[in-house]
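The values are calculated or read from the model by the stated rules, or taken from the named source; none is laboratory data. Quantities reported herein were computed from a predicted structural model and do not represent experimental measurements. Positions of Cβ are backbone-derived with ideal geometry, glycine not excepted, and every protein chain shown enters the neighbour counts.
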Amino acid sequence: MTSNVEDLLSRTPLIVRRGPYALGSWLPAQMSAVYAGLLRAQNCFFNLALLDEKEATALILEKYLFELPPARKLEKGWAVVTLDVDLAWDVVGVLNRIAQHLSAARVPTGALAAFSRDHFLIQRDRLDDALAALEPVCGDVVFHD
């Protein structure tokens, strides 16, 4: 399977959104206010909201943070790197392979899964290091902002 994953990744372009994005945490009871803020920031191409029993989490361009209620915790300065390929849910090892290369370059990352594509959060000050680490593995790099 490794060679199949490597072949898939070698043909997979990376979409880079430099942001800067902010990743925040809110109380679950604030989720409707967080969603409302994300909707008001509809000019923001990439945003995300997730709710579990512990917290509401949102990722949004920093310039739209004013649309959201104050976060309990907030991390700024993120870029988003997207694997621009539709991944079937039975594909195994893609996340692992990307994580191996970023780990070898000592680049911390967070992973987000959409229905068909995977996204990685990279601190903007480490973006060049991340892209250099992924260059031998992935296809072309396309910047979207």
Residues of the range 61-108 being of a type in the set (Val, Ile, Thr) and over 19 Å from residue 142 (Cα atoms), in sequence order, are 91, 92, 94, 107
Just one listed residue, out of 39, 27, is over 24 Å from residue 96 (Cα atoms) and loosely packed, with under 14 Cβ neighbours inside 10 Å, and it is 39
Counted residues in the range 56-95 being under 25 Å from residue 134 (Cβ atoms), touching a residue at least 12 places away in the same chain (Cβ under 8 Å) and either outside any strand (DSSP E or B) or of a type in the set (Phe, Trp, Tyr) (or both) come to 11
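Each row is one residue, and each column tells you yes or no for (1) among the aromatic types (Phe, Trp, Tyr); (2) modelled with pLDDT of 90 or more; (3) more than 30 Å from residue 137 (Cβ to Cβ).
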site	(1), (2), (3)
3	no, no, no
15	no, yes, no
19	no, yes, no
27	no, yes, yes
34	no, yes, yes
39	no, no, yes
42	no, no, yes
45	yes, no, no
50	no, no, no
Within the range 99-145, residues of a type in the set (A, V, I, L, M) and within 23 Å of residue 50 (Cα to Cα) come out as 99, 111, 112, 113, 114, 121, 122
* Restricting attention to the range 57-67, does a residue exist that is under 17 Å from residue 119 (Cβ atoms) and in contact with a helix residue (DSSP H, G or I) (Cβ under 7 Å, 6 or more places away or on another chain)? -> yes
Expected output for the range 101-114 (first residue charged (D, E, K, R) and part of a strand (DSSP E or B), partner modelled with pLDDT of 95 or more and buried (at least 16 other Cβ atoms within 10 Å of the Cβ), Cβ below 7 Å, 6+ apart or cross-chain) is none
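Condition check ((1) surrounded by 17 or more Cβ atoms within 10 Å (Cβ to Cβ); (2) among the hydroxyl-bearing types (Ser, Thr, Tyr); (3) within 16 Å of the chain's Cα centre (by Cα)) across all residues:
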site: 53; (1), (2), (3): no, no, no
site: 58; (1), (2), (3): yes, no, yes
site: 68; (1), (2), (3): yes, no, no
site: 82; (1), (2), (3): yes, yes, yes
site: 85; (1), (2), (3): yes, no, yes
Going through the range 115-134 in order, the residues found to be surrounded by 13 or more Cβ atoms within 10 Å (Cβ to Cβ), of a type in the set (D, E, K, R) and not in a strand (DSSP E or B) are 117, 124, 126, 129
